[in-house]
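J.: What follows is a single structure, and I will ask about it in a moment.
The values are calculated or read from the model by the stated rules, or taken from the named source; none is laboratory data. This is a predicted model, so every value here is computed, not measured. No Cβ is skipped: glycine too gets one built from the backbone with ideal geometry, and neighbour counts run over all protein chains shown. Each accessible area value is taken on the protein alone, full model and side chains, heavy atoms only, with ligands, DNA and RNA left out. Shrake-Rupley method; radii C 1.70, N 1.55, O 1.52, S 1.80 Å.
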Amino acid sequence: MKKEFCCESMKYHIEYKCDIHKDPFDCPDKIINYSKKQNNYGIIIHDGGSSFIEIEFCPWCGKKLENK
Ligand SMILES: [Zn+2]
Ligand SMILES: [Zn+2]
């Protein structure tokens with residue numbers, strides 16, 4: 001099943017893949033993390049680790065994110 005996104009900005013950031021950084025947490029351009037395992041969205045904190053702040057609403061369009 002195709003994943004639905006609330007807006008183009010979210011789609012862009014979720015699907016964003018960097019050619020340089022294999023790990024999204026290493027890439028400063030990658031700001032949104034979607035965890036398939038936990039089915040949640042988060043803003044990546046680039047502190048050298050793999051932490052992110054879970055978000056409930058899209059920062060671009062303000063829609064509630066589906067955390068099923
Ligand atoms: Zn959105
Ligand atoms: Zn990168």
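J.: Scan the stretch 14-29 and report the pairs whose first residue is under 13 Å from Ile45 (Cβ atoms) and whose second residue is of a type in the set (S, T, N, Q) and more than 6 Å from ligand 2 (Cβ to nearest atom), with Cβ atoms within less than 7 Å and a gap of 6+ or a chain change.
T.: Pro24/Asn33; Phe25/Ser50
J.: Also: With respect to the numbered conditions (1) farther than 18 Å from Phe5 by Cβ; (2) surrounded by 10 or more Cβ atoms within 10 Å (Cβ to Cβ), which one is the sole condition not fulfilled by Tyr41?
T.: Going through the list (1) farther than 18 Å from Phe5 by Cβ; (2) surrounded by 10 or more Cβ atoms within 10 Å (Cβ to Cβ), Tyr41 breaks only (1).
J.: Suppose we keep only residues that are part of a loop (DSSP other than H, G, I, E, B) and either within 15 Å of ligand 2 (Cβ to nearest atom) or at pLDDT 95 or above (or both) within the stretch 57-68. Which one would you say is surrounded by the fewest Cβ atoms within 10 Å (Cβ to Cβ)?
T.: Within the stretch 57-68, the match that is surrounded by the fewest Cβ atoms within 10 Å (Cβ to Cβ) is Gly62.
J.: Could we say that Gly48 is part of a loop (DSSP other than H, G, I, E, B) and open to solvent by less than 50 Å² (accessible area, probe 1.4 Å) here?
T.: No.
J.: What are the pairs with Cβ atoms under 9 angstrom where one residue, in the stretch 39-68, is free of Cβ contacts under 8 Å to residues at least 60 places away in the same chain and the other, located anywhere, is within 16 Å of ligand 2 (Cβ to nearest atom) and among the polar types (S, T, N, Q)? Sequence gap at least six, or different chains.
T.: Asn40/Asn33; Tyr41/Asn33; Gly42/Asn33; Ile43/Asn33; Ile44/Asn33; Ile44/Ser50; Ser50/Asn33; Phe52/Asn33
J.: Select from the stretch 15-33 the residues that are more than 16 Å from Ser50 (Cα to Cα) and open to solvent by less than 90 Å² (accessible area, probe 1.4 Å) and write down the one among them that is nearest to ligand 1 (Cβ to nearest atom). Show your work before the answer.
T.: Pass one, the stretch 15-33, residues more than 16 Å from Ser50 (Cα to Cα): 15-20.
Of the ones still in play, those that are also open to solvent by less than 90 Å² (accessible area, probe 1.4 Å) are 16, 18.
Numbers: Tyr16: 14, Cys18: 21 Å.
Filtering first and then ranking leaves Tyr16.
J.: When only residues in the stretch 1-53 that are acidic (Asp, Glu) and within 25 Å of Lys64 (Cβ to Cβ) count, which is modelled with the lowest pLDDT?
T.: The selected residue is Glu4.
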